[in-house]
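> Sending over a structure as structure tokens; questions will come in a sec.
The values are calculated or read from the model by the stated rules, or taken from the named source; none is laboratory data. All of these numbers come straight from a predicted model, not from anything done at the bench. We place every Cβ from the backbone using ideal geometry, glycine too, and count neighbours over all the protein chains shown. To get the accessible areas, we keep the full protein, side chains included, count just its heavy atoms, and leave off ligands, DNA and RNA. Shrake-Rupley method; radii C 1.70, N 1.55, O 1.52, S 1.80 Å.
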Protein chains: 2
Amino acid sequence: KIGKFMKNSALAVLLLVFGYGQSLAQAGDNAKPNILLFMVDDMGWQDTSVPFFNETTPLNRRYHTPNMERLAKKGMKFTNAYATPLCSPTRVSLLTGMNAARHRVTNWTHMVRDNSTDAKDDVFEPVSWNLNGFSPVEGIPGTVYGTPLPQLLKEAGYYTIHVGKAHWGSMGTPGANPTNLGFLVNIAGHAAGHPQSYQGSQNYGSMPGKTTYHAVPGLQEYYGSEVFLSEALTLEAMKALEQPVKEKKPFFLYMAHYAVHTPIQADARYYGKYLEAGLDSIEARYASLVEGMDKSLGDLLDYLERNDLEKNTVVIFMSDNGGLSLVPPRGGQLHTHNLPLKAGKGSMHEGGIREPMLVSWPGVTKAGSTCGQYVVIEDFFPTLLEIGSATGRKPLQSVDGSSFVRYLRKPERRDESRSLVWHFPNKWTGGGGPGINYSSAIRKGSWKLIYSMKDQKLSLYNLADDIGEERDLAGTNTAKRDELARELTAKLKGWNAQMPVYRSTGAAAKWPDEISSR
Amino acid sequence: KIGKFMKNSALAVLLLVFGYGQSLAQAGDNAKPNILLFMVDDMGWQDTSVPFFNETTPLNRRYHTPNMERLAKKGMKFTNAYATPLCSPTRVSLLTGMNAARHRVTNWTHMVRDNSTDAKDDVFEPVSWNLNGFSPVEGIPGTVYGTPLPQLLKEAGYYTIHVGKAHWGSMGTPGANPTNLGFLVNIAGHAAGHPQSYQGSQNYGSMPGKTTYHAVPGLQEYYGSEVFLSEALTLEAMKALEQPVKEKKPFFLYMAHYAVHTPIQADARYYGKYLEAGLDSIEARYASLVEGMDKSLGDLLDYLERNDLEKNTVVIFMSDNGGLSLVPPRGGQLHTHNLPLKAGKGSMHEGGIREPMLVSWPGVTKAGSTCGQYVVIEDFFPTLLEIGSATGRKPLQSVDGSSFVRYLRKPERRDESRSLVWHFPNKWTGGGGPGINYSSAIRKGSWKLIYSMKDQKLSLYNLADDIGEERDLAGTNTAKRDELARELTAKLKGWNAQMPVYRSTGAAAKWPDEISSR
């Protein structure tokens, strides 16, 4: 209303003369686009009917995500979007814009403070990573301190809403509470990284005597009901949106589903059809989790349209790491769940880090467009600040990401000189697997180098014709191998990255460029 | 800023001409006073160093509540303020303005839906009360439906914050969630009426395998710490206030302490001094709960002053029922904990319903003033709506309370023709006690009549010279007895109040006026 009124320019001048400047600036907030960041947990690049590869794969045919298809038709598909191999490093990078090597929340954070989740290892001592996660308050042991994204958006006039999985800090630290991170409203977010149960009939885990730290907080109104967690979160998100919509305030809705993380439970609305399609029971449950999550996306898109918000809302779809490919808990064959990508969650191979990413910004992104530029999770921080015109206050931390808004405007634009870096000096799982545990990686152009700290080995792949990372070219293209090893090393050293230390000698594992020069 | 600007009346007219009316009205919100309703649980009339009786009592000397003293000095003391004998009826009356006989949430609501908390009785069948509490949604079985107070305040422009005990609806119903009742922010409120633990070191009850439905939700950042629950809630309340204060939006902070309800645990900051003063260990713990709660009041008053909010904030202090006087869980002698008042929580005697109430409204209430007019919990609903100029939308329910704002302006004003009515057709505790279980009561002027449904007996007291209800005048002043019995009956019938039914005959217990006419 104020905006329309201000079109009467003579009066606008009069208002400015009378010192109305500040209110005018506030009125300008109405022009800021709303931001819906739809974040899925543990969803792989192929867990969708939207083809992100250059062909429709068997997995694309397995999963039904009609609302992701709808969003892809409306906006832009990023086919080379990355996160880190694990949830906590990704989520802290999102929150801060820092690379994991810098923020040092390199493994997943335990609910209980000061509890390392590193698996036991005979060769390496565990590194002293930030095992308590992120903290908005200085001086909390085992945390990285900085200015969180929602805080900056809130200060820029956004009504900030957190729904679902938070998992930014351990219990007993300020980071455990999303409202300490700049969220005005927190629904169901706490220190835990997955739900105890997705079932309303099981109170999402809050059953006396059986409750663990993973019981989902809040949502009591759905206790004893048949409302699946993904649905409850969506209903609560829409209720929380009422206030900013009524006030015509721009909102930032961080819709962070617990789905499709373990426990792999059936969403009864969709389970039967996947069983009928011939999936084994575990994979049918998994597919039902995916489709229940997709239904939430559809409900939110419907909400935006119904409330005439669709044109002024940026919708971003993302996942936090590759699809889980360990069997069990997944069904089927080990490490086949992200094909044609290699391996899955926890791995430096594409299966562990490449994500299904979609962006719709009406008036900016072209309907049904695709962008092949590689982008990474720490880019979300500067991107959202740019979208929200929230660049006035400098964050305390150094930001490693760079905004991808320029690709939204011009998807054919390319920057092949940029390098992306991953660093995981930890042991996630005792079993190991391809590219899993104690690894670093770098991508530049279509080239990718993986450094295995344990094996003291470099592997080089050309993703342009080998997305499955089947052909190691490290022995063939030594120039590219050494170039990337040097760049990876320089970046890691610049961030003061941690390297694990040998139990036997007390010496640190070599840097990548010390391997290549052998 | 807008308000000041509008003093230029010529421009104001111009703005109105241009259809600026709505924004002008919104700007007027800045003039609305903030409201801090500080609600204590199970605190008795004498659990304070502020004398509410006409002399300083031994209990006033026992308890240390320097911040209540400070608030009393700043504002007005109500010496005849009432709630109902139990938490749920009081809290639903607060939320709706309805008398408990009308809203029928007459006993305390269980966390688990459809679970009656009525104690077993051989004589009466349980009444069909609203055992699931309040619902903001129509058609939920076992609930009373209406428009909740915070919803109306929110619609009137208030930033509404819930902190602490909610206890308005059972799990599995919408009333379980304070954000369904008009609160924008909910900190630690859910379906339960007391905390599993006050201790941060015990995660307020959230200990895997030991967790009950009473574990306090949220507050994970304090897990494993020495932060007492009353302190954690206060810290969170101040954080939640940041947003409306920054935005210069009026706020409604419902600061509903879990203290001083059972479990009677020691607040380590104060426990030692009460032991040293010679109290037994239970009563020393209780006194420490009281003083920890009082410290919270002081911290909030400090916050208001520090942020220059003190002059535009109405502070109201209240409790939800009389102090618990059952032994155990209290120490000392049975029913002595509210002396000179008779009995305690659960009772129709003054010990069960008279509350320590304080109101400070700078510019309205006179410093250090006292008001002897009797007021009751359902008066808070219309009072807060009047204070917040939130009377535009009519609530769905019929409101039984009346605003006490006129007494704030003129404390010597009296209305002795008004009658207050209580109704409890339930069985709270198997043990019974004076005025406990199956009772109704009416106060008019200084006269009070109590009807015991079980005993089929009326008792009449003159509180003017018998605040301890020691001298039953029912046989002496039959005219007053019958007058009050008729008025009580008329009120109850008008509200369609429930009466328990005899197991033996299926007939309902008599109405009070059927007793007096014997």
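> At pLDDT 95 or above, within 24 Å of residue B:79 (Cβ to Cβ), open to solvent by 10 Å² or more (accessible area, probe 1.4 Å) and in contact with a Leu (Cβ under 9 Å, 6 or more places away or on another chain): is that true of residue B:448 in this structure?
It is false that residue B:448 is at pLDDT 95 or above, within 24 Å of residue B:79 (Cβ to Cβ), open to solvent by 10 Å² or more (accessible area, probe 1.4 Å) and in contact with a Leu (Cβ under 9 Å, 6 or more places away or on another chain).
> Now, a different point. State which residue pairs qualify: first residue of a type in the set (Val, Ile, Thr) and inside the stretch A:215-227, second residue part of a helix (DSSP H, G or I) in any location, beta carbons under 7 Å apart, and separation of 6 or more residues or different chains.
A:216/A:204; A:216/A:205; A:216/A:229; A:227/A:200
> Can you spot a residue in the stretch B:169-179 that is among the small types (Gly, Ala, Ser), closer than 18 Å to residue B:232 by Cβ and open to solvent by less than 10 Å² (accessible area, probe 1.4 Å)?
No, there is no match, as no residue in the stretch B:169-179 is among the small types (Gly, Ala, Ser), closer than 18 Å to residue B:232 by Cβ and open to solvent by less than 10 Å² (accessible area, probe 1.4 Å).
> Whether any residue in the stretch B:242-260 is among the basic types (Lys, Arg), assigned to a helix (DSSP H, G or I) and either within 10 Å of chain A (Cβ to nearest Cβ) or open to solvent by 10 Å² or more (accessible area, probe 1.4 Å) (or both) is what I want to check.
So far as the stretch B:242-260 goes, yes, one or more of its residues are among the basic types (Lys, Arg), assigned to a helix (DSSP H, G or I) and either within 10 Å of chain A (Cβ to nearest Cβ) or open to solvent by 10 Å² or more (accessible area, probe 1.4 Å) (or both).
> Name, by its number, the condition in (1) out of contact with any Gly (no Cβ under 9 Å at 6 or more places or on another chain); (2) open to solvent by less than 10 Å² (accessible area, probe 1.4 Å); (3) farther than 25 Å from residue A:227 by Cβ that does not hold for residue A:363.
(2)
> State yes or no: is residue B:295 open to solvent by 10 Å² or more (accessible area, probe 1.4 Å) and in contact with an Asp or Glu (Cβ under 9 Å, 6 or more places away or on another chain)?
Taking the combined requirement at face value, the residue satisfies it.
> Give B:398, B:389 a once-over and let me know the one that is open to solvent by 10 Å² or more (accessible area, probe 1.4 Å), at pLDDT 95 or above, touching a Gly at 6+ places or on another chain (Cβ under 9 Å) and closer than 29 Å to residue B:501 by Cα.
Among B:398, B:389, only B:398 is open to solvent by 10 Å² or more (accessible area, probe 1.4 Å), at pLDDT 95 or above, touching a Gly at 6+ places or on another chain (Cβ under 9 Å) and closer than 29 Å to residue B:501 by Cα.
> Something else now. Would you check if there is a residue in the stretch A:210-230 being within 25 Å of residue B:213 (Cα to Cα), more than 13 Å from chain B (Cβ to nearest Cβ) and surrounded by fewer than 22 Cβ atoms within 10 Å (Cβ to Cβ)?
No, the stretch A:210-230 contains no residue that is within 25 Å of residue B:213 (Cα to Cα), more than 13 Å from chain B (Cβ to nearest Cβ) and surrounded by fewer than 22 Cβ atoms within 10 Å (Cβ to Cβ).
> Failed condition for residue A:263, given (1) away from chain B (no Cβ under 13 Å); (2) buried (at least 23 other Cβ atoms within 10 Å of the Cβ), with all others met?
So residue A:263 meets the others, but not (2).
> To continue, here is another question. Residues being open to solvent by 10 Å² or more (accessible area, probe 1.4 Å) and either among the acidic types (Asp, Glu) or assigned to a strand (DSSP E or B) (or both): count how many of those fall in the stretch A:308-325.
Matching residues across the stretch A:308-325 total 2.
> Looking at the stretch A:198-207, is at least one residue open to solvent by less than 10 Å² (accessible area, probe 1.4 Å) and in a loop (DSSP other than H, G, I, E, B)?
Yes, the stretch A:198-207 contains a residue that is open to solvent by less than 10 Å² (accessible area, probe 1.4 Å) and in a loop (DSSP other than H, G, I, E, B).
> Still on this structure: Just the residues that are open to solvent by 50 Å² or more (accessible area, probe 1.4 Å) and outside any loop (DSSP other than H, G, I, E, B), please, taken from the stretch B:49-80.
Correct list: B:58, B:61, B:62, B:66, B:69, B:70, B:73, B:74.
> Shifting gears a bit: With (1) more than 24 Å from the chain's Cα centre (by Cα); (2) open to solvent by 10 Å² or more (accessible area, probe 1.4 Å) as the list, and residue B:435 as the residue in question, which single condition is left unmet?
(1)
> Give the residue that is farthest from the chain's Cα centre (by Cα), with candidates limited to residues of the stretch A:458-492 that are touching a residue at least 60 places away in the same chain (Cβ under 8 Å) and not in a helix (DSSP H, G or I).
That would be A:470.
> Going through the stretch A:99-139 one residue at a time, which ones are outside any loop (DSSP other than H, G, I, E, B) and among the polar types (S, T, N, Q)?
A:135
> Looking only at the stretch A:79-104, how many residues end up being over 14 Å from the mean Cα position of the chain (by Cα) and either within 14 Å of chain B (Cβ to nearest Cβ) or of a type in the set (A, V, I, L, M, F, W, C) (or both)?
The qualifying residues number 1.
> If you go through the stretch A:140-158, how many residues are part of a strand (DSSP E or B) and either of a type in the set (Lys, Arg) or surrounded by fewer than 24 Cβ atoms within 10 Å (Cβ to Cβ) (or both)?
So the count comes out to 2.
> In this structure, is residue B:351 small (Gly, Ala, Ser) and over 23 Å from residue B:193 (Cβ atoms)?
No; evaluated as a whole, the condition is false for this residue.
> Related question: Using the structure shown, decide if residue A:305 is under 15 Å from the mean Cα position of the chain (by Cα) and at pLDDT 95 or above.
When the stated conditions are applied, residue A:305 does not pass them.
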